[in-house]
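Have a look at the structure below, then the notes.
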Amino acid sequence: MSAATADVATVGHRLALQRRGTVAVLVLVVLLASLRYGDAFYSGINLTSYFDDAVKYSLIALGMTFVIMTGGIDLSVGSVILLAGVAGGLASPYGAVVAVLVGVGTGAAVGAVNGLLIAHSRLEPFVVTLATLLWARGLGLQLADTQTVVYGSGALQSLARDKIFGLTTGFWLMLLLFAIAAVALKYTAWGRTVLAVGDSEESTSLLGVPTRMTKFSVYLLSGALAGLAGVVLGSQTGSVSMDTGVGWELIAVAAVVVGGTLLTGGVGSIGGTLAGLLLLQVIFTIINFENGRGGIEINSYWQNVVRGAFLLVVVLLQTGVGRGRRKAS
Amino acid sequence: MTDLATRPAEVSALRRIDWPTMIRRYGAAAVLALLVIFNIIFTENFLDLRNILFVQLRQAAPTAIVALGMALVIATGGIDLSVGAVVALSGQVTAVFLLDGVPPLVALPIGILVGLAAGLFNGTLVSRFGIQPMIATLVLFTAGRGLAQVVTGGRIQTVNEPIVEFLGLGVIAGLPISVFSLIVITIAIIGVTRFTPAGTKLLAVGGNERAAGLVGIRTKWVKTMAYVVAGGLAGYVGLLELGRIQASDATNAGLNMELDAIAAVAVAGTTLAGGTFSPGRTIIGVLMLRLLQNTLVAHGIPREVAQIAQGLIIVAAIYLLRRSRDAR
Amino acid sequence: MTDPKTEGPLLQMRGVTKSFRGARALDDATMTVGRSQIRALIGQNGAGKSTLIKILTGVYRRDGGEVLLDGRPVDFRSTAEAQAGGVVTIYQEVNLVPKLSVAENIFLGRFPKRRGLVDWATMRAGARDALAKLSLDIDVTRPLGSYRVATQQMTAIARAVSLEARLLVLDEPTSSLAEREVETLFGVMRSLRDSGVSMVFVSHRMDELYEICEDVTVLRDGRTVAEEPLASLNQYELVSKMLGRAAEQVASGARAAARPRQQAEPVLAVSGAASAPRLKDASLAVYAGQVQGVAGLLGSGRSELLRSIFGADPLDGGTVVVSSDAAPIRTPREAIAARLAFLSEDRRAEGIVPHLSVRDNLTLALLPKLTRRGIVDRKRQKQIVTDYIARLGIKAQADQPIVELSGGNQQKVLLARWLATEPAVLLLDEPTRGIDVSAKAEILTLVDKLAADGMGVLLVSSELEEVVSACDDVTVLRDGVSVARVDVERLSEESLMAVMASGEAVPSADSAPNKDKSDD
């Protein structure tokens, strides 16, 4: 009993510490970078490409945060981006609204299937969404006839490329959704129930709170956000290629974990996920800059190595912080 | 099939046929049998030994070897997402050494060593540092393929080396090397888990780690070893894949193999929660998923649709397994 | 005055039946709970208590029979419906959500809202009010899991009270509470009763039933065999009803004399043992042929003492000498090599490996000894397993997964696991927790026999009756320090209770505090 109680207390602390740590490191890195590269670092083009890249993963990472907070996982989001991106692209000649609705609707439908199987039939999330990863990608490829799908709606593209205060609408959309999500987590019964389910599903249900609906809802949300991400991506780049989304689910998982959300559920942070995403992106930007200045020579293949090493450092720090605290107490 | 975890409790001879257990134990085998019968009737030349050995089984063998390692890791309650990347890394490192003129007798063991080292890395993160297996192996999943690309500079280069050709095309005892390897490895794993304490220790650690520690089992060591074996097997498969392609290909070697392996283990009726291990059914799971794909493609169905079918059959399988577990 | 709401019993369950996959769990179960009444519900494990409770609270649906609340038939399909009907359960293992705050736990499922959003200020105030009614003043914003079990239980009760529960079901709420905490709980229960709440109280501890309950319902094999005022039955009659046979005289009171020590030197000598954070300075000695008891309140470091002796927790200070060998024991492996054995208090979390067979579970600690040149000797393994199944009367097949066994049989398998290693010292931590009366008696008889055969036994139990009847000598722990020894002449529940609570030793020539440190 003593160990369990101590753990609950430290885990919360540790993750709060880590969230702040992630944000602090983010700020620090940006400051150092701006000292080194001056205004060039902030120049419009760089910021846009920087944030567009972050936006790409941000929506699925947001959905993933809620899924992981319930103690689950959604491996299908990368495939859903492709499927919804294709569906949205095929619908785009009928107008921007139709394309968005079709994309989000497709994603939500896939999410609903995951949710039903996991919440209702109580199947393991890992395997269910792994299967969905396969069939959703197959469906996307089949729908597109394995050809790149071009976005036909000019309105959608110009909307995606429009800038407000120098940043793309995609970026503002991301910020808006993260803000809504943060409020929902803290101030809605749904948000608190998500955490409760992740902490102890059995207890929550014995307390008379509907857990199935809550679990279903996070997969639905994750699917819908992945669908939206597919359309946003298609609008930004004007097309959806067939390798879109491969492996992105794990990039999203990494961002969520770096942001201080526990894979076992029950504890999590929306802001942490955003900070985790942005931090990774800043590091890549810096590598690009260094390459550009000839300071170092790193080809694009290193990106994944850096990504992996970064994840390693963060999780090691995470356990290090935990251990240090445990010894201290 | 060897099923170390749950031997049936033949408590009452009067008990009717236990369908849930039957489905769990023989479900995948039954589907495989149906697929084989279908192919015998409807697919030309299916029964031809060359087709079975050199097409169907040879395709499935590398995944099956990786899946055996995965089953070991899953038995401890873990998961290894990195095996696909390790297949790529070991193959590419070996390829680069061979291209640089390093003798095969040195280059090939290095490939396996790369796999073992990767497994040791994963196992250490999981057991010593207490990092969740999914995240711990995500590190190498990401970095491993990146390293493989860095090593080869992303180029596809033909490797002209007799030993590599032998790995890909050679025959031992009338069997392709990969199929022969699978048989040897399976026998070894079944032998070790059955006759030595290792099997029981593995299941004890996966079933109840704290209890295992209290009876004096070195739980960290057992867990680490599971990852090391999985890594070593992935390293060996890296060499087999190099032999199959006869060229370095960092981007595609072993791609998605971890997912195929996990799917096979799940279809075999193993819960990802750990504590159960059945090598025989794992291999049947691989064969079943692979033959399904091949059958559909052979009958003119596009690969994408076959992929959809694969996803659906995995869901169907675990749904039935879940029902059978509930009914127990 | 004829309003059914105030007349007649609050709850009537009549002829309730329930089967699981053909196996009858309940067969004509009946229970009546009056208004402002605390009713005891007892029965052996497997008698159907928890099934009956779960039917009452909507976790299971009944197959037949009727349930009347306020004279009106009800059929709850979920715990939420039961809650709405005023029926709330407090479970043995506190079933709340540890990582959420205390306040959220009290209001989960019915958060106070303002403009659609959770109103944290109102929620905190409400939680503080609810806890104040139970005279508890804690920080409601902290995670529930950071508080001790007793506080968590009070939170669960506070939740029930704020749900305006009329019928509270308490399923073994005292099993993990210290004596003082039990008293607090009973105080709360009495005041709830006086304010009109009825309760069903489940406990294995007979003395508690007599202290807090007015009436009792006894279940046996899924049937109600007695519904009577408690005053009309004495303990032995009650036990005999539970078991369905004339009760053998339950051993009560201490032994007449201590068992003889089979060697002059203690087989296990612990001196000044410390293990952060609970255990500070504990000393005791165990002799071959004797049962040494350890008593203390919850949190006094009882379990921690055993764990650190066995190397399961780090020993920060002090020495442990086994069979005159002072080599340090740092891991369970080293402990086993020194011929120690340790039965953990938590059978599920630290004992059974659920999917493994009885055979594999039983020989798990013996595996190294069964291995010859790397190969497990299956023949010898089978022999040993057959032997122990017969010796301990384990009702199971060797091939059966252990998870299918009853709690008592699982415990016997785990005991056999350690006996098979032929230990010199057996460390038993709550060996009879959560198992039924007859299995309990069998295990205590076995302990007696083991000591007679020359084993040294160290027994920790929170049931004083058990400690008193089984031990030759008892070390009392208080706040992690061994404060007194009570030998067999002065051993009684009263004397132990007094020492545990006050920390003062019973005045005597040879059992002064810390005397045992320099024990011969």
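The values are calculated or read from the model by the stated rules, or taken from the named source; none is laboratory data. Predicted, not measured: the structure shown is a model, and the values here were computed from it. Cβ coordinates were reconstructed from backbone atoms using ideal geometry, including for glycine residues, and neighbour counts include every protein chain displayed.
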- Query: Would you say C:E494 is within 18 Å of C:S303 (Cα to Cα) and at pLDDT below 90?
  - Reply: no
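Would you mind finding the one in A:I287, A:I251 that is under 28 Å from B:N122 (Cα atoms) and surrounded by fewer than 20 Cβ atoms within 10 Å (Cβ to Cβ)? First the steps, then the outcome.
Values: A:I251 fails: surrounded by fewer than 20 Cβ atoms within 10 Å (Cβ to Cβ).
Within the list A:I287, A:I251, the selection yields A:I287.
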- Query: So which residues in the stretch C:402-417 are surrounded by fewer than 22 Cβ atoms within 10 Å (Cβ to Cβ) and within 12 Å of chain B (Cβ to nearest Cβ), if there are any at all?
  - Reply: C:V403, C:E404, C:L405
- Query: When the stretch C:110-155 is examined, which residues are found to be small (G, A, S) and under 18 Å from C:P173 (Cα atoms)?
  - Reply: C:G145, C:A150
- Query: Is it true that some residue in the stretch C:149-169 is of a type in the set (A, V, I, L, M, F, W, C), more than 11 Å from chain A (Cβ to nearest Cβ) and more than 20 Å from C:V200 (Cα to Cα)?
  - Reply: no
- Query: Could you say whether any residue in the stretch B:292-302 is modelled with pLDDT of 90 or more and within 7 Å of another protein chain (Cβ to nearest Cβ)?
  - Reply: yes
- The residue from B:V83, B:V126 that alone is away from every other protein chain (no Cβ under 12 Å) and either touching a residue at least 24 places away in the same chain (Cβ under 8 Å) or of a type in the set (V, I, T) (or both) is B:V83
- Message: So A:T146 passes all but one of these: (1) within 14 Å of chain B (Cβ to nearest Cβ); (2) at pLDDT 90 or above; (3) under 20 Å from B:E304 (Cα atoms). Which condition number does it fail?
- Response: (2)
- Is there a residue being of a type in the set (D, E) and at pLDDT 90 or above anywhere in the stretch A:249-260? yes
- Query: How many residues does the stretch A:121-155 hold that are of a type in the set (D, E) and more than 30 Å from A:I68 (Cβ to Cβ)?
  - Reply: 1
- Could you pull out the residue among C:R347, C:R359, C:R378 that is surrounded by fewer than 19 Cβ atoms within 10 Å (Cβ to Cβ) and within 12 Å of chain B (Cβ to nearest Cβ)? C:R378
- Message: Could you check the stretch B:175-204 and list, in sequence order, the residues that are in contact (Cβ under 8 Å) with a residue 60 or more places away in the chain and either over 22 Å from the mean Cα position of the chain (by Cα) or facing another protein chain (nearest Cβ under 9 Å) (or both)?
- Response: B:R194, B:G199, B:T200, B:L203
- Which residue out of B:T219, B:T282 is surrounded by 24 or more Cβ atoms within 10 Å (Cβ to Cβ) and either farther than 28 Å from B:A88 by Cβ or among the polar types (S, T, N, Q) (or both)? B:T282
- Message: Test of understanding: among B:A266, B:A309, B:A261, B:A273, which residue is part of a helix (DSSP H, G or I), at the interface with chain A (Cβ under 9 Å from one of its Cβ atoms) and closer than 19 Å to B:G206 by Cβ?
- Response: B:A266
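Given the options A:G198, A:G234, A:G238, name the one that is crowded, with 22+ Cβ neighbours inside 10 Å and either away from chain C (no Cβ under 14 Å) or among the aromatic types (F, W, Y) (or both).
On the way: A:G198 fails: either away from chain C (no Cβ under 14 Å) or among the aromatic types (F, W, Y) (or both); A:G238 fails: crowded, with 22+ Cβ neighbours inside 10 Å.
Sole residue among the options that is crowded, with 22+ Cβ neighbours inside 10 Å and either away from chain C (no Cβ under 14 Å) or among the aromatic types (F, W, Y) (or both): A:G234.
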- Item | Considering residues of the stretch C:502-516 that are modelled with pLDDT of 50 or more and surrounded by 14 or more Cβ atoms within 10 Å (Cβ to Cβ) only, the residue nearest to C:L279 (Cα to Cα) | C:G503
- Task: Could you check, for the stretch A:116-135, whether at least one of its residues is of a type in the set (V, I, T), closer than 30 Å to B:D260 by Cα and free of Cβ contacts under 8 Å to residues at least 12 places away in the same chain?
- Result: yes
- Note on the structure: Filtering helices (runs of 4 or more DSSP H) wholly in the stretch A:145-201 for at least 1 residues that are within 18 Å of A:L233 (Cβ to Cβ) and not basic (K, R) gives A:154-161, A:169-187
- Message: If I filter the stretch C:306-325 for residues that are under 22 Å from B:K220 (Cα atoms) and among the hydroxyl-bearing types (S, T, Y), do I get at least one hit?
- Response: yes
- Hey, could you check the stretch C:346-373 for residues that are in contact with a Pro (Cβ under 8 Å, 6 or more places away or on another chain) and part of a loop (DSSP other than H, G, I, E, B) and say which is modelled with the highest pLDDT? C:L356
- Cross-chain or 6+ apart pairs with Cβ under 7 Å, the stretch B:139-161 first and more than 7 Å from chain A (Cβ to nearest Cβ), then buried (at least 20 other Cβ atoms within 10 Å of the Cβ) and among the acidic types (D, E): B:I156/B:D249
- Per-region count, the stretch B:58-105, residues acidic (D, E) and out of contact with any helix residue (DSSP H, G or I) (no Cβ under 6 Å at 6 or more places or on another chain): 1
- Within the bounds of the stretch C:295-303, is there any residue that is at pLDDT below 95 and either more than 14 Å from every other protein chain (Cβ to nearest Cβ) or surrounded by fewer than 15 Cβ atoms within 10 Å (Cβ to Cβ) (or both)? yes
- Query: Within the set of pairs 6 or more residues apart or between chains, which connect a residue that is outside any helix (DSSP H, G or I) inside the stretch A:85-112 to a residue that is among the small types (G, A, S) with Cβ atoms less than 8 Å apart?
  - Reply: A:G95/A:S153; A:G95/A:A155
- Task: Could you please give the count of residues in the stretch A:109-137 that are out of contact with any Leu (no Cβ under 9 Å at 6 or more places or on another chain) and within 7 Å of chain B (Cβ to nearest Cβ)?
- Result: 2
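Please find, within the stretch B:230-258, the residue that is surrounded by the most Cβ atoms within 10 Å (Cβ to Cβ) out of those that are part of a loop (DSSP other than H, G, I, E, B) and either aromatic (F, W, Y) or more than 11 Å from every other protein chain (Cβ to nearest Cβ) (or both).
B:G254
For the stretch B:132-162, enumerate the residues that are surrounded by 17 or more Cβ atoms within 10 Å (Cβ to Cβ) and of a type in the set (V, I, T).
The answer is B:I135, B:T137, B:V139, B:T142, B:V150, B:V151, B:T152, B:V159.
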- Just checking, how many residues over the stretch A:155-195 are touching a helix residue (DSSP H, G or I) at 6+ places or on another chain (Cβ under 6 Å), within 14 Å of another protein chain (Cβ to nearest Cβ) and among the polar types (S, T, N, Q)? 1
- Message: Just checking, does the stretch A:158-168 include any residue being of a type in the set (K, R), on the phi < 0 side of the Ramachandran plot, surrounded by fewer than 24 Cβ atoms within 10 Å (Cβ to Cβ) and modelled with pLDDT under 95?
- Response: yes
- Across the stretch C:64-101, which residue is surrounded by the fewest Cβ atoms within 10 Å (Cβ to Cβ) among those that are assigned to a helix (DSSP H, G or I) and in contact (Cβ under 8 Å) with a residue 24 or more places away in the chain? C:A80
